[in-house]
Amino acid sequence: MDVGGFFSSLTGSGGVKIEIKLTPPPPPQQYQQKEGVPANGIIPLDHYPSWKLHKNPFWRVKHPAGTKLASVAPNVVTGEMEMKPQLFAYEAHQDVAGAVTLHVAPGKKIEHLGVKIQFIGRIDMGMGVHEGRPHYDFISLSKELMPPGVLYQNVSELPFLFRNMDKEHESYRGRNVSVRYFVKVILERKFLPPLQKEHEIWVQCLGQPPTQNEAIKMEVGIEDCLHIEFEYERRVYHLQDTILGKIHFLLVRIKIKHMELAVIRRETSGDGVQADAGGPGTPHGQQDSQQNVFTETQTLVKYEIMDGAPVKGEIIPVKLSLRGIPADLTPTYIAVNNRFSVRYFLNLVLVDEEDRRYFKQQEIILWRNELG
């Protein structure tokens, strides 16, 4: 007797394989003739964006920010080549369509209690410091694909369409929180647990350039020792932008060894996150003043922009390309569903000959100007 096959028939797929295939949406009009967009106009993603940094220094060469070509790597499963499902960039207003295919083993029939599909938008805080907490579904729609009956055909294809959904939040994979959109197929069975299959959908929200984008100007220093003035041309940048600025030394009476500029990402998560939570003074990996609110800080990139001691009146130019940062940048998120925020800061650090560090942080606002 095949014991493995017996238990598989009780709790496993029972001879049914569920496959979900999405029909990709057409791109926005501004992408129709854009270089790098495939002929069919679909905007695919070649990897799942996440909070992790990419250690390979040539990662951005392999994944240029403006390139939209798909790259789907095969999985080797028990000697067979199985393709990973492709991931496409959906705008917030676009419909989600596709087809569910049910594969039944030859010579078998499957009795079921109905097949349905769900579209779910979920904020998941069951990871990191929030491990074990429940998730929060802000979208939950369900449609019946097939009434109860018996599957005789080897292949059954069931189309689906979710129209006019308000996908208000971007997809996000953070350190302690994530925002997920996915379709979930459920095949109910009598006396047996249901068969389920999920397919992730990546949602991106295009922003608009600000009507006013004032420069950042600040003077900082130590009384009678150091006085500098730094200026960045703008406060708001899109994800492929370049930060330009200058640093003017008005008074220098300490021996400075070098100066660094870093881009910092700060994720604040927890119940009841406010718009001002996780500001510059919140330590890495610590609780905020609000109960059960945690902050994680990442240094995305750090450049040395000056080597050696400056003199009074010297001006140091600043130029930093956001496109070249080896990480998946996101727009600035402020109090999403009152559960998390993601903010970005420029951190200017001066180091003297005794290795004392003087720093100043300034928040910048990021927005998405294109899909991908």
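Observations, loosely collected:
- The number of residues in segment 141-188 being under 26 Å from Arg368 (Cα atoms) and outside any loop (DSSP other than H, G, I, E, B) comes to 9.
Residue by residue, here is whether (1) within 25 Å of Leu226 (Cα to Cα); (2) in contact with a helix residue (DSSP H, G or I) (Cβ under 8 Å, 6 or more places away or on another chain); (3) modelled with pLDDT of 75 or more; (4) of a type outside the set (Lys, Arg) holds:
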| site | (1), (2), (3), (4) |
| --- | --- |
| Arg265 | no, no, yes, no |
| Thr282 | no, no, no, yes |
| Leu300 | no, no, yes, yes |
| Tyr303 | yes, no, yes, yes |
| Ala309 | yes, no, yes, yes |
| Ile315 | yes, no, yes, yes |
| Ser321 | no, no, yes, yes |
| Ile325 | no, yes, yes, yes |
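- Meets criteria (assigned to a loop (DSSP other than H, G, I, E, B), open to solvent by 40 Å² or more (accessible area, probe 1.4 Å), more than 22 Å from Leu22 (Cα to Cα) and not small (Gly, Ala, Ser)) for Pro209: yes
- Residue within segment 172-190 that is more than 24 Å from Ile325 (Cα to Cα), among the hydrophobic types (A, V, I, L, M, F, W, C) and open to solvent by 20 Å² or more (accessible area, probe 1.4 Å) present: no
- Test set (1) farther than 19 Å from Glu354 by Cβ; (2) surrounded by 15 or more Cβ atoms within 10 Å (Cβ to Cβ) - Met218 fails condition number: (2)
- Here the strands (runs of 3 or more DSSP E) wholly within segment 235-277 that include at least 3 residues being touching a residue at least 40 places away in the same chain (Cβ under 8 Å) and closer than 30 Å to Asn337 by Cβ are 236-238, 256-270.
- In segment 296-323, the residues that are among the small types (Gly, Ala, Ser) and in contact with a Leu (Cβ under 7 Å, 6 or more places away or on another chain): none
- Annotation note: Cβ proximity below 9 Å between a residue of segment 210-230 that is over 18 Å from Phe345 (Cβ atoms) and a residue that is aliphatic (A, V, I, L, M) and outside any strand (DSSP E or B) (sequence gap 6+ or interchain) occurs for Ile222/Ile254; Cys225/Ile254; Leu226/Ile254.
- For segment 337-360, the set of residues classified as open to solvent by less than 20 Å² (accessible area, probe 1.4 Å) and within 15 Å of His169 (Cα to Cα) consists of Phe340, Ser341, Val342, listed by residue number.
The values are calculated or read from the model by the stated rules, or taken from the named source; none is laboratory data. Keep in mind the model is a prediction, meaning the values are calculated, not measured. In this analysis, Cβ positions are derived from the backbone assuming ideal geometry, glycine residues included, and neighbour counts consider all displayed protein chains. Protein only, heavy atoms only, side chains kept; ligands, DNA and RNA dropped before computing areas. Shrake-Rupley method; radii C 1.70, N 1.55, O 1.52, S 1.80 Å.
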